[in-house]
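A.B. asks: Questions regarding the structure given below will be posed in turn.
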Amino acid sequence: MVRKRILVGAALAAALGLSLSACTASGSATGGGDTSTTDTINAELWYAPATFDPAKATGSSDVEVARLGFDTLLRQGEGESGQYIGGLASKWDAESASKYVFTIRDGATCSDGTAITPTVVADSFKYLVGLDDSGAQTWKNQAFGSGVPTFTADDSAKTLTVDLSAPYSQLLGGMTRPGTGIICPAGIKDPKGLAAGTVKGAWSGPYTLTKSAAGKSVAYSLRDDYDAWPAWKTVTGKPAKTINMTVQGDSNTSANLLQSGGVDVARFYDSNAERFTGGDYSTVKFASSAYNLVFNEAEGSGSVFAGDQALRAATAAAVDTKGFNNAGLDGLGVAQHTVNAASYRCAVDDSALVQGHDAAAAAKELKGKTIRLLIVSNWDPAADFLAESLRNAGATVKVTAPDPADWTTQMRTKPETWDLALAAEDAQTGLINTSIARYLGPTYADGGTNVTSSDNPEGLAAYQAAMATSDPAKQCTDFETAQKTILERVDMSPLITDTHRYVARKGFETHVFSGYWDVSAMRIVK
């Protein structure tokens, strides 16, 4: 099936009976074979990086290369436990939801030999939170929440203390995100050179950028002095001395290159992944985007869904999620039952909380209604399937399909223009709070991120309780309560999670940690 890619790049874009070798939701894929003659891994990017400044990374390619060049304080752990492991931090302590203390590991250095001290880390964070940039604002919110962070560095004790003006219980998870990668002093002194990737001493991670062909490819070289790898237990083999990443936007071409040996690792969102089975290939899979129906409930906007829970439920029931999956993702997506992927810590995973497909019941509410559907351009045929599902239930559907930037602006700030939106959540952050906050609390106009304009005091109270406690068990209890209120009110309706697959050919391995694919963990194996 040939289709236009939907959602990929727009969002910081399970069991289906596939017999993919070593296919795991969280783990490693090892191809095996003799690769003693190579020290290079050839991989792909879907788009050319727009910046090499991790604090300004927005697109998927920006984020992937940021992981190669810049280390974070913490990293995602292995397995399904959701635990964190040390990156540049050797110890960490959540004294409360407003105060965190990190011990910076011994021996970590920048690519120019500068020691990575608590002061270096603090200066990098100050740079991040001080930027007037939408990408940086996203990373700042994921890392430190909505309040103002204060950083206190004690180089003699090797500690960095982070104090927050507003409690944010998810800070440790935020410290794993690539956009919080530590920028060394040379990079902060030259922000233009940092963005261009030309500052030799900017890098804190294992690799430095050595070549960049605009719009086509990048090449990274392993630092000879780097010895700060996370304490992974499942990662074997040796890191490549050179990683070449070429822009390739066509899945069929990627598959042909992987089969011919033109690339060693490739990412697939469609049925091309099924071409790679058996001992010559290995696959890991992970959630990439969570597809949701979002209802506009803003009073005075003219939306048919404002104050009408029954109509929202009927609209959700009109859409067959399996049909949507087949139309948009060749059937390779997986069932989703809450605001984001089931792999998220504290995610609710109960099918009884979402509307089942019932076209007849939906027609009783939808007949004669006019729905303004907001989608992103080129999201067909899945978007066409959605529109036709509503029309078949008796609704008149008016579709608006702007480009991603205009779609985002319209959904966030122009509620008078739409009733229902097909949206996607980045399913790799691992931070359930960011997805919950899209459906309760203040709107963008009021300084929040609620795109539904819903009034959900019960859910908001539970969300705020979770954000204010450092007890992981209580966090989950409260986050789960908040999700259940959103689902019961039908402020949104989950469709499917877009499951992507990384395939490694024989002699190479790649890894997914707690639902996150880590480009820096690619290895050459014998």
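A.B. asks: Normalized C-alpha radius of gyration of the chain, against 2.2 N^0.38 Å? Please list the in-between numbers first.
C.D. replies: Details: Rg = 22.8 Å, N = 526, 2.2 N^0.38 = 23.8 Å.
The chain yields a ratio of 0.96.
A.B. asks: Which value results for Rg/Rh of the range 324-373 when Rg is the Cα radius of gyration and Rh the Kirkwood radius based on the inverse mean 1/r? Spell out each step's value before the answer.
C.D. replies: Values: Rg = 14.4 Å, Rh = 13.5 Å.
Rg/Rh: 1.06.
A.B. asks: What area, in nm² and to one decimal, does the C-alpha convex hull of the range 358-434 cast on average over all directions? All intermediate terms of the calculation are to be shown ahead of the outcome.
C.D. replies: Working: hull surface 25.6 nm².
Taking a quarter of the hull surface, the average projection is 6.4 nm².
A.B. asks: Okay, moving on. In Å, what is the Rg of the alpha-carbon atoms in the range 118-199, and how long is Dmax?
C.D. replies: Just the Cα atoms of the range 118-199 yield Rg and Dmax of 12.8, 38 Å.
A.B. asks: Taking N as the number of residues in the range 260-344, what is its alpha-carbon radius of gyration divided by 2.2 N^0.38 Å? Before the final figure, lay out each step's value.
C.D. replies: Details: Rg = 18.6 Å, N = 85, 2.2 N^0.38 = 11.9 Å.
That ratio works out to 1.56.
A.B. asks: Under the definition of Cα pairs under 8 Å and six or more residues apart, what whole-number percent is the relative contact order of the range 141-205? Walk me through the intermediate numbers first.
C.D. replies: Working: 76 pairs, mean separation 17.8, N = 65.
For the range 141-205, the relative contact order is 27 percent.
A.B. asks: Take the eigenvalues of the Cα gyration tensor for the range 367-526, scale each by 5, and report the square roots as semi-axes in whole Å, largest first.
C.D. replies: Working: eigenvalues 199, 133, 40 Å².
That gives 32, 26, 14 Å for the three semi-axes.
A.B. asks: Rounded to the nearest whole Å³, what is the per residue volume of the convex hull around the Cα atoms of the range 316-455?
C.D. replies: On the way: hull volume 17.5 nm³, N = 140.
In the range 316-455, the Cα hull volume divided by residue count equals 125 Å³.
A.B. asks: Right, something else. May I ask you to give the percent of accessible area on the chain that is carbon plus sulfur, with a probe radius of 1.4 Å?
C.D. replies: On the way: 9450 of 19640 Å².
After summing per-atom areas, the C and S share lands at 48 percent.
A.B. asks: Turning to a different aspect of this structure: Residue 38 label point, 7 Å along Cα→Cβ, cut-off 11 Å on backbone N: hits in the range 239-263?
C.D. replies: Output list for this probe position: 244, 258-263.
A.B. asks: Per DSSP H run of at least 4 residues, take -39500 (n - 2.57); add these up for the chain, divide by its residues and hand me the 222 nm value, nearest 500 deg cm²/dmol. Walk me through the numbers on the way to the answer.
C.D. replies: Numbers: 15 runs with 140 residues, N = 526.
So the helix-based figure for the chain works out to -7500 deg cm²/dmol.
A.B. asks: For residue 488 paired with residue 391, estimate the spin-label separation in nm (one decimal), with each label point 7 Å from Cα along the Cα-to-Cβ line.
C.D. replies: 3.7
A.B. asks: Got a sec? What order do 474, 189, 322, 140 fall in by accessible area at 1.4 Å, biggest, i.e. largest, first?
C.D. replies: Values: 474 90, 189 175, 322 155, 140 25 Å².
Ranked from most to least accessible, the order is 189, 322, 474, 140.
A.B. asks: How much area per residue is accessible in the chain when the probe is 1.4 Å and only protein heavy atoms are counted (Å²)?
C.D. replies: On the way: 19640 Å² over 526 residues.
Using a 1.4 Å probe on heavy atoms only, each residue of the chain averages 37 Å².
A.B. asks: Evaluate the Kirkwood expression for the hydrodynamic radius of the range 233-287, namely the inverse of the mean inverse distance over all pairs of different C-alpha atoms, and round to one decimal in Å.
C.D. replies: Working: mean 1/r = 0.0779 Å⁻¹.
Radius from the Kirkwood sum: 12.8 Å.
The values are calculated or read from the model by the stated rules, or taken from the named source; none is laboratory data. Computed from a prediction, not measured in an experiment: that's the story for all the values here. Positions of Cβ are backbone-derived with ideal geometry, glycine not excepted, and every protein chain shown enters the neighbour counts. With ligands, DNA and RNA removed, areas are computed over all heavy atoms of the protein, side chains included. Shrake-Rupley method; radii C 1.70, N 1.55, O 1.52, S 1.80 Å.
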